[in-house]
Amino acid sequence: MHKLNILIKFSIFIASIFLSRIAYSQEKVKDSIELKLELCDNDSLSTHERCNCYIELIDYWDKELNNNYKLLIKTLTQPNREFLKKSQKKWIEFRDSEFELIDKIYFEEVVGTMYHPWAYYRKMKFVETRALELKRYYELVSEDQSLYKELNNEY
């Protein structure tokens with residue numbers, strides 16, 4: 001019983017170190033993205049420059065999404081990999097449909113180029129949300145697998 005308590009405390013200690021490192025690296029990335037987002041929101045930029053700025057952020061989040069997808073798929077068991085593939089395929093269909101709707105609203109329904117940056121902002125937030133969802137799934141699964149392996153190695 002005493003060994004189990006020590007093992008549990010040690011595992012919690014290791015997990016807290018691991019999570020603090022993840023939080024630190026995420027914060028550095030988050031800071032650079034927030035700076036870029038602040039730049040995009042700068043009123044001194046032209047509409048065209050703001051659109052291009054948001055397009056760059058869409059590309060960034062799309063790369064993050066793909067990276068998180070690759071990390072996650074490697075950590076899942078085979079049956080769940082198929083579920084992820086199916087889910088991602090449906091999300092891409094939904095994304096394309098949503099982007100089309102955004103274009104219809106912001107480029108056809110409302111009048112004025114001032115709305116164009118908002119369209120790209122909405123698209124950026126849409127991709128960012130999925131990228132962060134996949135990242136949270138990966139962190140959850142990989143953390144659980146690490147703790148499970150540690151506990152099994154001790155016995």
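Would you mind stating whether residue 64 is in a helix (DSSP H, G or I), among the acidic types (Asp, Glu) and over 24 Å from residue 42 (Cβ atoms)? Judged against the criteria, residue 64 is not a match. Of all residues being buried (at least 19 other Cβ atoms within 10 Å of the Cβ) and of a type in the set (Phe, Trp, Tyr) in the range 49-70, which is farthest from residue 89 (Cα to Cα)? Just the residue, please. If we take residues in the range 49-70 being buried (at least 19 other Cβ atoms within 10 Å of the Cβ) and of a type in the set (Phe, Trp, Tyr), then 54 is farthest from residue 89 (Cα to Cα). Anything in the range 32-48 that is part of a helix (DSSP H, G or I) and either over 25 Å from the mean Cα position of the chain (by Cα) or among the β-branched types (Val, Ile, Thr) (or both)? List them, or say none. Scanning the range 32-48 gives 33, 47, 48.
Laboratory data are not the source of any read-out in this text; all were calculated from the coordinates shown. As the structure is a prediction and not an experimental result, all values here were calculated from the model. All Cβ positions, even for glycine, are placed from backbone atoms using ideal geometry, and neighbour counts span all protein chains on display.
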